[in-house]
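Below you'll find the structure, written out as C-alpha cells, and then a few comments.
No lab work stands behind these numbers, since they all come straight from the coordinates. From a predicted model like this one, the values you see are computed outputs, not experimental measurements. No Cβ is skipped: glycine too gets one built from the backbone with ideal geometry, and neighbour counts run over all protein chains shown.
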Amino acid sequence: MFEFLFRAFVKDYQNKDDSKVRERYGKFSGAVGIATNILLFVMKIITGIVFHSISITADAINNLSDSGSAVVTLVGFKLAGKPADEEHPYGHARIEYLSGLIVSFAILMIGFQLVQSSFDKILNPVDAEFSVVSIGVLILSALIKVWQCLFYKKVGKTISSSTISANAADSLNDVFATLSVLAGILITYFTGFNLDGYMGVIVAIFIMITGVRLIIETSNPLLGMAPTKELVDEIYAKIMSYDGILGMHDLNVHNYGPMRCFASVHCEVPAGQDIMVSHDIIDNIERDFLKEKGIHLVIHLDPIVTNDERTNHLKKQVEDIISRISPKISMHDFRVVWGTTHSNLIFDVCVSFEFPMSDSELTQRITEEVGRLDPDYFVVLTVDHSYVPEE
C-alpha cells in the first residue's frame, strides 16, 4: 500500500539496514505526521469553535500534540544520525529515545489541561450545535487516523523503530477518541442529554494514558533493557557455528540506540589448541559480527582443559549437583587445582535476577553438596547474573 510513497520520498528505500536510509524513513514519517496532524487540527479547531464543542476542540488539541510529536520525531531522527565524536564515542542514536520521552511528557501535560477544561464544561455546560459538517469532519478524521496508523506501523516494522511503532499505537488511540466524540454528539442530539464535557474528559484520559505508556516505553531503552531472545539466540547460534569454539557464556549486549549495538562474551576454546589459532578464530568472529550484523563484539577467550579425565568426571558430578538444585542454573569456567591435602574447585554459576535464592544461600548450598563428594574439596564460587532473557 505504501510502497509507492517510500519509492518516491525515501532514497534507496530498499536498503533499510543502512543507517542513512533508516534516518530518511524516520524523517519522512515525521513529515507525513506533521502534515496530516496539522490538517486534522485545522479542520477540528474550526469545527469546534464554530459549533461550540469542547470535545471536538479537545480532539483538535490532541492532533496538534501529535503534530508536535511528529516534529520531535523528525528532529530526533536527524540528530540521532550524527556520527560519533570525541564527547559521544558511541554515537548519538539514543537521541531518538530522548525525543520520544519529550513527546510523551508533552502529551501527558496536554491531557491534564484538557481534563480541566472539560470539567469546566461539565460544571458550566454550553449546548453544542449539531451539524452534518461536524459529523463529516469527525468521520473523515477517523479515516485519516486509520491510514496514519497503518502508515506508522509499516514504517516502524520496516526500520524496527519502537518510537514510530508507538506513534502507530497513538494513532489508533486517536481513532477511538474521535469515535467517542462522534458518539457523544449523536447521543446528545437524539437524547438531549449534553455529553460534550464528558466526551472531552474521555478524550483527555485517552491522551494521558497514551502519554504514560509512551513515557514507560521510551524510558526503558534509556535505562538499559535486556536484548530480545531472538537476538540472543541468533548470537549464540552464529558463534557456536565456528570450528574451535566449545561453548560461550557471560553474554552482555548494550544498546546505544537503533543500529548502535555493542556486545561482549566469553568463548571457550580447547586449552591445548595453539593460542594463535584461537586468537585467529576470535578475530574472525568479531569481524564477521560487525560486517554482517553491525554488532561491535568483543570476545574474552577462556581455555578449557578437555583431556583430563579426572577433572572431566568431577565437572560432571558438580553439574549434576547444580541441576538438582535448579535446572535454571548454568555453570562455566570450571577448573580444578589439585593438591595433596585439599583441592580447589573454581567455577562460576549464572542465575537470573529473579532466582529465589540469594547469592550467599546458593553458594552455601553448592558448597555443602560438593563437600559430600569429598570433604577435601574446597569450592571457590562466583555467582553471575544473566543479562539476557531466559530460555
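Quote the relative contact order of the stretch 1-68 in percent (integer), defining contacts as alpha-carbon pairs under 8 Å separated by 6+ residues. It rounds to 26 percent for the stretch 1-68.
Counted by neighbouring Cβ atoms within 10 Å, the residues Lys78, Lys157, Lys44 run from fewest to most as Lys157, Lys78, Lys44.
Within a straight-line Cα-Cα reach of under 12 Å, Lys20 can be paired with the following aspartates and glutamates, leaving aside sequence neighbours fewer than 8 residues apart in one chain: Asp12. For the stretch 1-97, GluC sites (Glu not before Pro) meeting the loop criterion (DSSP other than H, G, I, E, B) and having at most 16 other Cβ atoms within 10 Å: Glu86, Glu87.
Cross-link partners of Lys328 among lysines, defined as those whose alpha carbon lies under 30 angstrom from its own and excluding same-chain residues fewer than eight positions apart: Lys229, Lys238, Lys293, Lys315, Lys316. Counted over the chain with a bin width of 10 Å, the fraction of Cα pairs per bin, in whole percents, is 5, 18, 20, 17, 14, 12, 8, 4, 1, 0. Ranked by the mean number of other Cβ atoms within 10 Å of their residues, highest first, the peptides 135-142, 215-222 come out as 135-142, 215-222.
In the chain, Cα pairs under 8 Å separated by at least six residues give a relative contact order of 13 percent. Listed by chain and number, the aspartates and glutamates placed with their C-alpha closer than 12 angstrom to that of Lys153 are Asp170; residues fewer than eight positions away on the same chain are left out. Taking other C-beta atoms within 10 Å as the exposure proxy, Ser241, Ser326, Ser104 rank Ser241, Ser326, Ser104 from fewest upward.
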